[in-house]
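A.B. asks: I'd like to ask you about the structure that follows.
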Amino acid sequence: PTMAHSKALLVLENFIGGKFVPCSSYIDSYNPSTGDVYCRVPDSGKEEVEAAVKAAKDAFPIWSSKSPMERSQILNKLADLIEHDLEAFAQAESKDQGKTITFARTVDIPRAVHNFRFFASSILHHVTECTEMPAMGCVHYTSRAPVGVAGLISPWNLPLYLLTWKIAPAIACGNTVVAKPSEMTSVTAWMMCKLLEKAGVPPGVVNVVFGTGAKAGEALVCHPDVPLLSFTGSTLTAQRITEKSAPHCKRLSLELGGKNPAIVFDDADLSQCIPTTVRSSFANQGEICLCTSRIFVQRGIYSEFLKRFVAEAKKWKTGNPSDPTIDVGALISKEHLEKVRNYVKKAQAEGAKVLCGEGVDPLALPPSNQKGYFMLPTVIAEVKDESCCMQEEIFGPVTCVVAFDTEEEVIRRANGVKYGLAATVWSSNVGRVHRVAHRLQSGLVWTNCWLVRDLNLPFGGMKASGVGREGAKDSYEFFTEVKTITIKH
């Protein structure tokens with residue numbers, strides 16, 4: 001690149017030991033809505049990770065000896081600072097990721113702020129256990145201590161939201177961290193680093209190393225001084241992390257993909273079900289691990305549901321993410337868009353019907369967005385359960401709608417995939433709602449709603465959707481070591 005070219009671009013730096021550190025080589029990061037290079041991200045490897053782990057290890061004794069109340073005050077201050085800059089963070093997230101400015105403003109950044117506030121509070125309310133054995137003259141109690149340096153690897157779909165969902169509990173519990181955000185969406189993590197000192201986070205407590213999974217991620221996973229790893233991303237990458245970390249017996253928390261079913265019974269309230277299910281299919285361009293991608297509709301209402309669902313999906317506007325009236329932004333990358341489009345082509349080749357969206361309806365974009373990675377909300381019907389479109393995670397604005405007859409049959413079909421992250425059930429029969437919820441192989445089941453979250457409760461998936469849970473109690477258990485102490489008196 002010429003000097004003029006590189007001057008106009010944002011250049012990120014690693015944040016190690018409380019300082020921004022330049023890197024010897026960089027990678028391009030694109031603005032998905034224009035297809036242009038938007039910033040340069042450090043291409044970190046072993047050396048940078050080594051420096052960050054060392055900084056985190058050095059900071060651990062002081063940080064871990066602070067009281068929960070002291071750490072809590074610092075987390076709250078950081079939350080305030082991010083909230084104060086909410087608009088700048090939202091603009092950056094939208095530009096970097098392709099999501100709509102509306103989604104970044106109302107979901108991503110507020111949730112990042114809430115993550116810090118939530119764990120700042122929850123850390124003050126954990127209690128340890130105690131039991132007595134009077135006959136033996138003994139009392140037992142537990143104590144919990146932070147583990148050490150936590151390696152945190154976060155994805156590109158909800159960049160700051162999911163990064164802070166890891167950083168907040170890790171540091172609240174007294175650990176220090178080395179975080180690696182996705183190389184495709186690193187800007188908001190870098191912006192957050194600028195606020196750490198002002199919030200009172202001591203140098204070395206939070207280190208952020210930018211780069212690819214293959215280089216920076218691998219160096220972090222294989223580092224002998226990083227005893228625990230929290231990862232959100234694909235099942236394939238998680239397998240690699242599991243293999244690489246096994247020789248070190250690391251503690252893992254893996255939040256992976258989903259192929260989430262929505263089950264719509266004939267007594268569902270469609271006036272609520274249809275708009276919510278359109279949202280659960282296409283929110284954030286369908287790039288949320290909790291999005292609905294298989295919709296099972298009872299045969300009696302199937303044709304009415306389909307007609308109303310497609311009409312509603314067609315109302316969603318696709319275009320420039322910075323336009324507040326837009327519902328669907330750009331997909332993350334050219335490669336990802338191609339992958340999602342190929343799923344639609346495969347479905348058509350198998351004889352499924354594409355009812356709206358990709359290849360069916362014209363996509364009109366403003367001149368400046370012609371080279372962006374856009375796709376219309378796409379609804380596919382008459383697709384077989386064994387089709388790759390019903391089995392594999394597409395992670396785009398594509399959903400499949402199929403009919404079913406009985407409760408027994410739909411439970412079997414909904415469970416017939418390798419994933420088990422989330423499910424939604426729509427019915428006004430309270431007995432049925434409980435019955436079905438109990439039998440679905442899914443870490444989360446929403447009934448007559450979607451994405452209503454209480455961070456107190458366990459979050460995570462079954463089967464290929466992950467290992468472990470996150471939440472107030474679960475994250476506390478993951479990020480601390482428990483010790484049982486017995487005293488004879």
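The values are calculated or read from the model by the stated rules, or taken from the named source; none is laboratory data. In this text, all values refer to a predicted model and were calculated from it rather than measured experimentally. Because the Cβ atoms are built from the backbone with ideal geometry, glycine has one as well, and the counts that use them run over all protein chains shown. Protein only, heavy atoms only, side chains kept; ligands, DNA and RNA dropped before computing areas. Shrake-Rupley method; radii C 1.70, N 1.55, O 1.52, S 1.80 Å.
A.B. asks: Taking the condition part of a helix (DSSP H, G or I) and either assigned by the TED database to the domain that holds Trp63 or over 32 Å from the mean Cα position of the chain (by Cα) (or both), does Val113 pass? Can you show your working first?
C.D. replies: Numbers: part of a helix (DSSP H, G or I): yes; either assigned by the TED database to the domain that holds Trp63 or over 32 Å from the mean Cα position of the chain (by Cα) (or both): yes.
Taking the combined requirement at face value, the residue satisfies it.
For (1) more than 16 Å from Ala422 (Cβ to Cβ); (2) modelled with pLDDT under 95; (3) among the basic types (Lys, Arg), each residue gets a yes or a no:
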| site | (1), (2), (3) |
| --- | --- |
| Lys250 | yes, no, yes |
| Ser253 | yes, no, no |
| Leu256 | no, no, no |
| Ala268 | yes, no, no |
| Ser293 | no, no, no |
| Phe296 | no, no, no |
| Gly300 | yes, no, no |
| Leu306 | yes, no, no |
| Ala313 | yes, no, no |
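A.B. asks: If I filter the range 116-131 down to residues being in a helix (DSSP H, G or I) and of a type in the set (S, T, N, Q), which single residue comes out as least open to solvent (accessible area, probe 1.4 Å)?
C.D. replies: First, the residues of the range 116-131 that are in a helix (DSSP H, G or I): 116-122.
Subsequent filtering for residues that are of a type in the set (S, T, N, Q) retains 121-122.
Working: Ser121: 55, Ser122: 15 Å².
Here the answer is Ser122.
A.B. asks: Here's another thing I want to ask about it. Given Asn448, Asn415, Asn456, which one is in contact (Cβ under 8 Å) with a residue 40 or more places away in the chain and open to solvent by less than 70 Å² (accessible area, probe 1.4 Å)? Step through it out loud before you land on a result.
C.D. replies: Numbers: Asn415 fails: in contact (Cβ under 8 Å) with a residue 40 or more places away in the chain; Asn456 fails: open to solvent by less than 70 Å² (accessible area, probe 1.4 Å).
Only one candidate passes the filter, namely Asn448.
A.B. asks: Oh, and also: Give all pairs with beta carbons closer than 6 Å in which a residue from the range 123-138 that is free of Cβ contacts under 8 Å to residues at least 12 places away in the same chain meets a residue that is of a type in the set (Asp, Glu); count only pairs at least 6 apart in sequence or on separate chains.
C.D. replies: So the pair list comes out empty.
A.B. asks: Is it the case, given these coordinates, that Ala135 is part of a helix (DSSP H, G or I), closer than 30 Å to His489 by Cα and out of contact with any Ser or Thr (no Cβ under 6 Å at 6 or more places or on another chain)?
C.D. replies: Numbers: part of a helix (DSSP H, G or I): yes; closer than 30 Å to His489 by Cα: yes; out of contact with any Ser or Thr (no Cβ under 6 Å at 6 or more places or on another chain): yes.
Yes.
A.B. asks: Report yes if Lys215 is more than 21 Å from Leu252 (Cβ to Cβ), surrounded by fewer than 22 Cβ atoms within 10 Å (Cβ to Cβ) and among the basic types (Lys, Arg), otherwise no. Before you say what the answer is, go through the steps one by one.
C.D. replies: Working: more than 21 Å from Leu252 (Cβ to Cβ): no; surrounded by fewer than 22 Cβ atoms within 10 Å (Cβ to Cβ): yes; among the basic types (Lys, Arg): yes.
Criteria not met by Lys215.
A.B. asks: Here is a follow-up. Is it the case, given these coordinates, that Ser94 is of a type in the set (Gly, Ala, Ser), open to solvent by 70 Å² or more (accessible area, probe 1.4 Å) and in contact with a Pro (Cβ under 9 Å, 6 or more places away or on another chain)?
C.D. replies: Working: of a type in the set (Gly, Ala, Ser): yes; open to solvent by 70 Å² or more (accessible area, probe 1.4 Å): no; in contact with a Pro (Cβ under 9 Å, 6 or more places away or on another chain): yes.
The answer is no for Ser94.
A.B. asks: Here is a list of conditions, (1) polar (S, T, N, Q); (2) in the same structural domain as Ala422 (by the TED database); (3) open to solvent by less than 10 Å² (accessible area, probe 1.4 Å), and Thr276 meets all of them except one; can you say which number that is?
C.D. replies: All conditions are met except number (3).
A.B. asks: Any idea how many residues of the range 20-61 are in a helix (DSSP H, G or I) and open to solvent by 30 Å² or more (accessible area, probe 1.4 Å)?
C.D. replies: Let us first name the residues in the range 20-61 that are in a helix (DSSP H, G or I), namely 46-61.
Pick out the ones that are also open to solvent by 30 Å² or more (accessible area, probe 1.4 Å) and you get 46-48, 50-51, 54, 57-58, 60-61.
So the count comes out to 10.
A.B. asks: Right, here's the next one. Test each condition in (1) open to solvent by 20 Å² or more (accessible area, probe 1.4 Å); (2) assigned by the TED database to the domain that holds Leu337; (3) touching a Phe, Trp or Tyr at 6+ places or on another chain (Cβ under 9 Å); (4) among the β-branched types (Val, Ile, Thr) for Thr406 and report the one that comes out false.
C.D. replies: Status for Thr406: all satisfied but (3).
A.B. asks: Are any residues in the range 141-158 in contact with a Ser or Thr (Cβ under 7 Å, 6 or more places away or on another chain) and under 12 Å from Gly233 (Cβ atoms), and if so, which ones?
C.D. replies: Step one: filter the range 141-158 for residues in contact with a Ser or Thr (Cβ under 7 Å, 6 or more places away or on another chain), giving 141-147, 149-150, 152, 154-156.
Hits for the range 141-158 are Leu152, Ser154, Pro155, Trp156.
A.B. asks: How do the pairs read when you match residues in the range 181-192 that are more than 14 Å from Gly98 (Cβ to Cβ) and open to solvent by 10 Å² or more (accessible area, probe 1.4 Å) with residues anywhere that are part of a helix (DSSP H, G or I) and not small (Gly, Ala, Ser), using Cβ under 7 Å and keeping only pairs 6 or more apart or on different chains?
C.D. replies: Between residues of the range 181-192 that are more than 14 Å from Gly98 (Cβ to Cβ) and open to solvent by 10 Å² or more (accessible area, probe 1.4 Å) and residues that are part of a helix (DSSP H, G or I) and not small (Gly, Ala, Ser), the close pairs are Met191/Phe89.
A.B. asks: Could you check how many residues of the range 475-489 are touching a residue at least 12 places away in the same chain (Cβ under 8 Å) and either closer than 17 Å to Pro146 by Cα or touching an Asp or Glu at 6+ places or on another chain (Cβ under 7 Å) (or both)?
C.D. replies: The initial filter retains those residues of the range 475-489 that are touching a residue at least 12 places away in the same chain (Cβ under 8 Å), namely 475-476, 478-489.
Cutting the leftovers down to either closer than 17 Å to Pro146 by Cα or touching an Asp or Glu at 6+ places or on another chain (Cβ under 7 Å) (or both) gives us 475-476, 478-485.
The number of residues fulfilling the criteria is 10.
A.B. asks: Still on this structure, please answer the following. If you go through the range 344-373, how many residues are within 15 Å of Cys388 (Cβ to Cβ) and open to solvent by less than 20 Å² (accessible area, probe 1.4 Å)?
C.D. replies: Final tally of qualifying residues: 3.
A.B. asks: For the subset of the range 300-322 comprising residues that are part of a helix (DSSP H, G or I) and either β-branched (Val, Ile, Thr) or outside the structural domain of Gln391 (by the TED database) (or both), which member is farthest from Ile394 (Cα to Cα)? Steps first, answer last, please.
C.D. replies: Step one: filter the range 300-322 for residues part of a helix (DSSP H, G or I), giving 300-315.
If we keep only those that are either β-branched (Val, Ile, Thr) or outside the structural domain of Gln391 (by the TED database) (or both) too, we end up with 301, 310.
Numbers: Ile301: 26, Val310: 19 Å.
Once the filter is applied, the top-ranked residue is Ile301.
A.B. asks: Turning to a different aspect of this structure: Name the residues in the range 38-72 that are of a type outside the set (S, T, N, Q), in contact with a helix residue (DSSP H, G or I) (Cβ under 7 Å, 6 or more places away or on another chain) and closer than 22 Å to Ser143 by Cβ, would you?
C.D. replies: Hit for the range 38-72 is Arg71, nothing else.
A.B. asks: Tell me which residues, restricted to the range 460-489, are assigned to a helix (DSSP H, G or I), farther than 18 Å from Lys250 by Cβ and either open to solvent by 30 Å² or more (accessible area, probe 1.4 Å) or touching a Cys at 6+ places or on another chain (Cβ under 9 Å) (or both). Reasoning before the result, please.
C.D. replies: Initially, the range 460-489 is screened for residues assigned to a helix (DSSP H, G or I), giving 472-478.
Among the residues that remain, those that are also farther than 18 Å from Lys250 by Cβ are: 472-473, 476.
Passing the criteria: Lys473, Tyr476.
A.B. asks: A further question on this structure: Which condition from (1) open to solvent by 10 Å² or more (accessible area, probe 1.4 Å); (2) of a type in the set (Phe, Trp, Tyr); (3) under 30 Å from Glu409 (Cβ atoms) is the one that Phe265 breaks?
C.D. replies: Status for Phe265: all satisfied but (1).
A.B. asks: Let me ask another. Filter the range 356-367 for residues that are over 29 Å from the mean Cα position of the chain (by Cα) and outside any loop (DSSP other than H, G, I, E, B) and give the result.
C.D. replies: Pro367
A.B. asks: Does Arg453 qualify as being more than 13 Å from Lys259 (Cβ to Cβ), basic (Lys, Arg) and out of contact with any His (no Cβ under 8 Å at 6 or more places or on another chain)? Before the answer, list the steps.
C.D. replies: On the way: more than 13 Å from Lys259 (Cβ to Cβ): yes; basic (Lys, Arg): yes; out of contact with any His (no Cβ under 8 Å at 6 or more places or on another chain): yes.
When the stated conditions are applied, Arg453 passes them.
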